[in-house]
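To keep things clear, I will list the structure first and then write my remarks on it.
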Amino acid sequence: MSTGFFRSDDFVRAEKAQSVINQARKITDVLAEALAVMEVGLTPVSLENAHRAIASIWTTVVNDVQGDRANVSSQYLASIHKHLATAAGILNAGEFTEAGLPVLPDGTRERWTRFVQESRYHQPNHVEEIEEVYALAQLRWGEHVRTFALTLGWFAMNILRLVRRKCAIYPPLADRGRLEDSLMGAGPNWYDAESLRGLMDEYEGEQSRAC
């Protein structure tokens, strides 16, 4: 009886994991379209090239999540960033750097690995889960990359969500203004991601019905 119970739990977990992977694949085009529109002006890339690159590399990310290869380590994100730049045909895109913003009280710059450890993102099943949205905010504004910062941040947020068996989310183009305002609040001068966190909760509520 006990063995059957544990098998049932394993089946439910596997079923949920597959469900979120299926949903992540379904949103590829809408995710790529929205991020591409927002990246134009932030990254020296055409809308067409950005859309193609984001869709292609998002597919890679989803496959990596399914194969237990995706994470938010510096090494993995550096690789994804390089693939994004290459797929978009961007020369001199720059590389992922550990040190970024903000400058901490001791005068040192925030390091991505420290941020991940402090947020417990390296422990996806930790009892005290820190919301994934903070990874988006840090990568968007932390100057860890010079190109595709928004896209890389959105990918990192969704990697954490998928690993936690949550649905991946995308930015609705119709809500672009409100999203950009919330992102601005999470950036320099304020570094307050509460508005952004609330907006991501709203997107999750609207979009999670699909998985």
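Taken together, the values in this text are just the output of simple stated rules run on the coordinates, not laboratory data. Since the structure is predicted, the reported quantities are computational estimates derived from the model, not experimental observations.
With the helix formula -39500 (n - 2.57) applied to DSSP H stretches of n ≥ 4, the chain reaches a computed 222 nm mean residue ellipticity of -19500 deg cm²/dmol. Evaluate the relative contact order of the stretch 80-192 (contact order divided by residue number), counting alpha-carbon pairs under 8 angstrom at least 6 apart; express in whole percent. Result for the stretch 80-192 is 23 percent.
Radius of gyration (Cα atoms) of the stretch 139-211, expressed as a multiple of 2.2 N^0.38 Å: 1.11.
For the stretch 70-211, the alpha carbon convex hull comes to 125 Å³ per residue, rounded to a whole number. The distance separating the Cα centre of the stretch 63-114 from that of the stretch 179-211 comes to 21 Å. Our summary of shape: the Cα atoms of the stretch 1-153 have principal axis extents of 60, 43, 21 Å, ordered from largest down, in whole angstrom.
The convex hull built on the alpha-carbon positions of the stretch 107-179 has an orientation-averaged projected area of 5.9 nm².
With no solvent and one point per C-alpha, what does the Debye sum give as log10 I(q)/I(0) for the stretch 36-115 at q = 0.20 Å⁻¹? So the normalised log intensities are -0.97.
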